[in-house]
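S.K.: Structure provided below as C-alpha cells; questions to follow.
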Amino acid sequence: MKNILILFSLWMGLSVSVIACDICGCGVGGYYSGMLPQYHKNFIGLRWRLSSFSSDLGHEGEGINAFSREHFHSLELMGRFYPHRRVQILAFVPLSYNVRIAPEEANHLIGLGDISVIALYNIYNTSFVAEKDLKHNLLVGGGVKVPTGSFQRTDMQGELLTPSLQLGTGSVDFLTMAVYTMRYKRWGVNVNATYKINLPNAHTYKFGNQLMTAATAFFLHKVKNTEWGIMPQLGLAFEHANYNLKNGYKRINTGGNQLIATVGIEVYYKKIQVGINYQQPTWQNLSDGLVQAKPRFSANINYLF
C-alpha cells in the first residue's frame, strides 16, 4: 500500500420529529456518512446505515399508550472525483427504507432519499512530504442537499405522515465544513465540524439548523510483505439541532443534543476498502427527553481508481 492514508468524517444530520405532530425518531444526527479514504484517488462505493429511535408520550396513571419505534435504513451509492489536485467532489445518493411502529398503525416507506453533493478544497497538506514524520491536512468546503426524496407520503387514513419519517425533507439545505487531520507516522487524529443550514419546504416546515463536531483517533497497520492494511478507529462526536419551525413558529419537543462514542475498523486490499462502524449515544436530550436514540451501525465497501 504505497499511498499514505488520511481520514476525514463528514457528519450530516436529520432532525428530530414527532408523533402526530413532531415527535418520532430520526435523531439529531441520524445521518452519518462514515470514514472515507483520503489519499488522492477517485472512488465509488456503497454504504449501509441503520438508525433507531423510541418515543413515549404515555402519561402515568392515565392509561395512555403513545409509544412508537422508528428504524431508518439507508443504502447509499457514493463517490468522489478530483477535478483538480486540491479539489474533491463527493456525491451521496441514498435509497431509504423508513419504518415506524406504533400501537395502532405501522408505517413502511421505501424510495429515493435526498441527494447530497459536497465540494472540499485542500488548503494545507504536508502528507506527501516523505522526510516529515508529523503531517497535517486541512480541507474546507460546503455542499447542498436537494429535495429528491418524497416528503408527502400519507398514512392509512390519508393524513400526511410526520415530517421526519418522510423519505426527504422537501427543502434545499446547505452545509459548511472544515476537516483537519494530524498524523505522526502511523498514528493520527481527525477533527471536523459541519454546520447544516435547513430551509423551509413547500409546507412551510423548517427543520432546525444543525451543528456536528467529531474527533477520531486512528492507527494504520500495514501487513508486512502484503498489500493489506488495517485501520482501527475510536472517536467521540457531539451533535446539536435547533428547534424545528412551522410557519415561522417554534415546534415544541423538537431539537436536542447528544454525545456519541464511535468505534470502527477499515480494511484495505489493493483497490478495495471495506469498513464497519458502531456508534453508541453516551448522553442525550432529544425532543425535551421524549425521544431516545439507540445505537447506530454502518458498513461500506469502496473501489478506488
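The values are calculated or read from the model by the stated rules, or taken from the named source; none is laboratory data. Since the structure is predicted, the reported quantities are computational estimates derived from the model, not experimental observations. Cβ placement follows ideal geometry from the backbone for every residue including glycine, while neighbour counts extend to all protein chains displayed. What goes into the accessible areas is simple: the full protein's heavy atoms, side chains included, and nothing from ligands, DNA or RNA. Shrake-Rupley method; radii C 1.70, N 1.55, O 1.52, S 1.80 Å.
S.K.: Hey, among the residues in segment 228-265 that are touching a strand residue (DSSP E or B) at 6+ places or on another chain (Cβ under 6 Å) and among the charged types (D, E, K, R), which one's surrounded by the fewest Cβ atoms within 10 Å (Cβ to Cβ)?
M.R.: 246
S.K.: Could you list all residues from segment 252-265 that are β-branched (Val, Ile, Thr) and assigned to a strand (DSSP E or B)?
M.R.: Selection gives 260, 262, 263, 265.
S.K.: Just to be sure I understand, how many residues within segment 187-222 are open to solvent by 30 Å² or more (accessible area, probe 1.4 Å) and either assigned to a strand (DSSP E or B) or of a type in the set (Ser, Thr, Tyr) (or both)?
M.R.: 15
S.K.: Which residues, taken from segment 150-185, are part of a strand (DSSP E or B) and surrounded by fewer than 20 Cβ atoms within 10 Å (Cβ to Cβ)?
M.R.: 154, 160, 174, 176, 178, 180, 182, 184
S.K.: Which residues, counting only those in segment 210-230, are in contact with a His (Cβ under 8 Å, 6 or more places away or on another chain) and of a type in the set (Gly, Ala, Ser)?
M.R.: Within segment 210-230, 229 is the sole residue that qualifies.
This table checks each residue for (1) at pLDDT below 95; (2) over 23 Å from residue 108 (Cα atoms); (3) in contact with a Lys or Arg (Cβ under 8 Å, 6 or more places away or on another chain).
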residue	(1), (2), (3)
135	yes, yes, yes
142	no, yes, no
148	no, no, no
161	yes, no, yes
174	no, yes, yes
183	yes, yes, yes
192	yes, yes, no
195	no, yes, no
198	no, yes, yes
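S.K.: Something else: Identify all residues within segment 266-300 that are open to solvent by 80 Å² or more (accessible area, probe 1.4 Å), hydrophobic (A, V, I, L, M, F, W, C) and either part of a loop (DSSP other than H, G, I, E, B) or under 20 Å from residue 72 (Cα atoms) (or both); write none if there are none.
M.R.: 276, 297 - these are the residues of segment 266-300 that are open to solvent by 80 Å² or more (accessible area, probe 1.4 Å), hydrophobic (A, V, I, L, M, F, W, C) and either part of a loop (DSSP other than H, G, I, E, B) or under 20 Å from residue 72 (Cα atoms) (or both).
S.K.: To continue, here is another question. For the subset of segment 80-98 comprising residues that are open to solvent by less than 20 Å² (accessible area, probe 1.4 Å) and not aromatic (Phe, Trp, Tyr), which member is nearest to residue 55 (Cα to Cα)?
M.R.: Filtering segment 80-98 for residues that are open to solvent by less than 20 Å² (accessible area, probe 1.4 Å) and not aromatic (Phe, Trp, Tyr), the one nearest to residue 55 (Cα to Cα) comes out as 98.
S.K.: Could you grab me the full set of residues in segment 71-120 that are over 17 Å from the mean Cα position of the chain (by Cα) and under 22 Å from residue 152 (Cα atoms)?
M.R.: Those that are over 17 Å from the mean Cα position of the chain (by Cα) and under 22 Å from residue 152 (Cα atoms): 99, 100, 101, 102, 104, 105, 106, 107, 108, 109, 110, 111.
S.K.: Which pairs do you get when a residue that is on the phi > 0 side of the Ramachandran plot, found in segment 278-305, comes within reach of a residue that is among the aliphatic types (A, V, I, L, M) and open to solvent by less than 10 Å² (accessible area, probe 1.4 Å), reach meaning Cβ atoms under 6 angstrom, with the pair 6+ apart or on two chains?
M.R.: 287/16; 287/23
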